[in-house]
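Accompanying notes for the structure given below.
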Amino acid sequence: SNADISTAIEGTTTDETGAFKFENVKSGSYTLKISFIGFEDQTITIDLVKNTNLGVIILKEKLETLNDVTITAKRPTVKRLVDRLVFNVENSTLSNTNVLDVLKHTPGVMVHDDKITVKQSTPTVYINDRKVHLSATEIQQLLEGTPANNIKSIEVITNPPAKYEAEGGSVLNIVTSKNIVAGYNGSVFGNYKQGSEYPKYTLGTSHFFKTEKISSYLNYNISPKKDFRHNDEFVNFIENDQTVSSWETDFNRTRKTSNQTINANIEYELNANNSLVFSTNMLISPRENTKTVVNSSTEVFSPSKTLDSIFDTNNRLVDEAYNFAFTIDYIHKFKKEGEKLSVSAHHTNYDFSSFQDVKTGYFFQNGTLAFRNNNFQTFSNQIIQLYTGQLDYELPLSETSQFEAGIKISKINSDSKLRQYTIENDVKTADIQNSDTFVYDEFNYAVY
């Protein structure tokens with residue numbers, strides 16, 4: 001972060017040897033913060049003028065005691081395999097948070113400025129080896145609203161096998177734990193966080209049930225919150241090394257959401273070698289609780305910094321999203337440990353719609369009445385139907401090698417619509433040039 005304004009500018013993670021680097025950073029005074037779960041944070045002040053080598057940085061182990069009472073907790077452990085890093089968090093100090101907070105402490109994962117990255121790129125997110133078909137923002141909302149008390153481990157797969165649809169990038173596979181004690185247990189939980197302007201809550205309930213043949217899990221939670229962002233933005237327009245105009249914008253955004261998530265997993269053991277598994281994850285963002293209000297005012301200055309004009313923009317946005325994903329698996333285990341055959345069928349139904357009303361007024365330097373107004377509205381809708389079928393075979397060859405093969409078929413139907421309207425003198429007119437319909441169908445076969 002910049003030492004003068006204490007604002008986070010950039011972040012990164014170390015590689016396997018503990019090395020890290022930042023590139024294309026401007027000269028100046030910075031504060032570097034180094035942190036890792038179970039160790040004390042360390043900050044270093046740097047006056048950066050050229051390439052700088054910080055040498056070896058050693059973190060001190062964090063020990064916590066309260067008088068005569070010693071606090072003992074299981075520390076998350078890290079295990080490195082051939083193609084992935086496994087961060088075991090089950091029953092650890094991180095189990096009382098949500099999954100997004102666990103990712104913030106996961107080695108190799110960076111959560112910064114509403115983005116999740118692995119090796120400077122956005123990873124593909126899986127839950128129990130099943131891809132989560134959501135946008136980056138919706139995935140973050142899902143993870144933030146999911147409690148970590150049922151998470152066994154986070155797998156950071158930097159060299160994913162062919163069965164993962166990673167498109168050449170990394171994979172984050174979130175593995176849930178299984179209830180190993182017969183009977184029923186459940187819990188109700190909640191947490192509260194106070195932001196700079198508004199609080200946010202998470203309320204939910206989890207239920208586990210296990211018999212000799214059935215092992216099941218159900219979680220429901222709701223996350224009512226408001227997010228507030230205030231930015232001051234400055235833009236200079238330069239021609240021939242001279243500033244010909246400059247814009248200063250005061251930007252305020254308030255976003256209200258109340259996302260609901262449902263996760264369920266039911267495993268039925270046919271016999272010692274065969275089992276059926278049904279799983280689902282759902283994200284519900286109802287229209288009445290998903291609203292965004294944006295107010296911005298931009299002052300336009302001449303080269304001599306004299307105020308020339310002002311334009312004010314008000315944007316009212318309402319979203320609605322429903323994502324329902326269902327998977328059924330058949331798993332056959334052979335006599336050899338680790339050798340198995342799995343057949344999977346998956347369906348995702350995604351329905352998203354958005355409406356916004358944007359009004360802009362343009363004013364002269366001392367004007368109180370706008371000399372020009374602009375008002376338009378947009379309505380967009382996207383419906384995606386996804387069907388996949390997959391067969392996978394796994395055979396361990398040794399402690400360090402494994403043979404995997406599979407077949408996958410997927411079908412995608414996507415229907416997207418955008419309708420824009422202009423408003424003049426309270427008359428609404430369809431803007432054909434900025435409206436469109438996009439229909440996309442895809443059928444894929446894969447052997448690996």
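The values are calculated or read from the model by the stated rules, or taken from the named source; none is laboratory data. Keep in mind the model is a prediction, meaning the values are calculated, not measured. Cβ placement follows ideal geometry from the backbone for every residue including glycine, while neighbour counts extend to all protein chains displayed. Side chains are part of the model used for accessible areas, which takes the heavy atoms of the whole protein and leaves out ligands, DNA and RNA. Shrake-Rupley method; radii C 1.70, N 1.55, O 1.52, S 1.80 Å.
Calculated on the alpha-carbon coordinates, the convex hull of the stretch 297-343 measures out at 185 cubic angstrom per residue. By the Cα gyration tensor, the chain has an equivalent ellipsoid whose semi-axes, rounded to whole angstrom, run 44, 31, 23 from largest to smallest. On a per residue basis, the chain carries 61 Å² of accessible surface, using protein heavy atoms and a 1.4 Å probe.
Using a probe radius of 1.4 angstrom, the carbon and sulfur fraction of the accessible surface of the chain is 52%.
Note the direction-averaged projected area, equal to a quarter of the hull surface, for the Cα convex hull of the stretch 302-410, in nm².
On the way: hull surface 57.8 nm².
For the stretch 302-410, averaging the hull's shadow over all directions gives 14.4 nm².
Packing, taken as the mean count of other beta carbons within 10 Å per residue, orders the peptides 134-144, 408-418 from highest to lowest as 134-144, 408-418.
For the stretch 135-276, the C-alpha radius of gyration sits at 1.60 times the compact-globule guess of 2.2 N^0.38 Å, with N the residue count. Over the stretch 375-425, the reciprocal of the mean inverse Cα-Cα separation, the Kirkwood hydrodynamic radius, stands at 15.6 Å. Residues in the stretch 239-275, backbone N under 14 Å from the label point at SER196 (7 Å along the Cα-to-beta-carbon vector): list them, ranges by number please. Residues 250-255 qualify, since their backbone N sits under 14 Å from the label point.
Pairs of alpha-carbon atoms within less than 8 angstrom and 6+ residues apart define the contacts here; what relative contact order does the stretch 302-405 have, in percent?
Values: 210 pairs, mean separation 30.1, N = 104.
Once divided by the residue count of the stretch 302-405, the mean separation gives 29 percent.
Pairs of Cα atoms nearer than 8 Å and 6+ residues apart set the relative contact order; for the stretch 406-448 it is 56 percent. Within the same chain, lysines fewer than 8 places from LYS200 are excluded, and of the rest, those with a Cα less than 21 Å from its Cα are LYS104, LYS115, LYS225, LYS226, LYS256, LYS291.
Mind listing which trypsin sites (Lys or Arg not before Pro) in the stretch 327-399 are in a DSSP loop and have 15 or fewer other Cβ atoms within 10 Å? Spell out each step's value before the answer.
Numbers: sites: LYS333, LYS335, LYS336, LYS340, LYS359, ARG372; in loops: LYS335, LYS336.
Passing sites in the stretch 327-399 are LYS335, LYS336.
Residues whose amide H lies under 5 Å from that of HIS112, counting only those 5 or more places away or on a different chain, are THR117; hydrogens are built 1.01 Å from N in the peptide plane. In terms of packing, defined here as the mean over residues of other Cβ atoms within 10 angstrom, the peptides 45-56, 93-104 line up highest first as 93-104, 45-56. Applying a DSSP loop filter and a limit of 10 other Cβ atoms within 10 Å to the GluC sites (Glu not before Pro) in the stretch 320-362 leaves GLU337. Where q = 0.21, 0.27 Å⁻¹, what log10 of I(q)/I(0) comes from the Debye formula for the stretch 260-314, counting one point per Cα? For the requested q values the scattering log ratios are -0.88, -1.02. Between the residues VAL188, PHE87, THR52, the greatest Cα displacement towards the positive end of the dipole of the chain, with unit charges on the Cβ of Lys, Arg, Asp and Glu, is found for VAL188.
For the stretch 169-243, just say rounded, prolate or oblate: build the C-alpha gyration tensor, square-root its eigenvalues into a ≥ b ≥ c, call rounded for a/c under 1.5, and beyond that prolate if a/b exceeds b/c, oblate if not. Walk me through the intermediate numbers first.
On the way: a/c = 7.09, a/b = 2.40, b/c = 2.96.
It comes out oblate by the Cα gyration axes.
Hey, got the dipole for the chain? About the Cα centre, +1 on K and R Cβ, -1 on D and E Cβ, debye to the nearest 20? Intermediate values should be presented prior to the final figure.
Values: 44 positive and 55 negative charges, 224 e Å.
In debye, rounded to 20, the chain gives about 1080.
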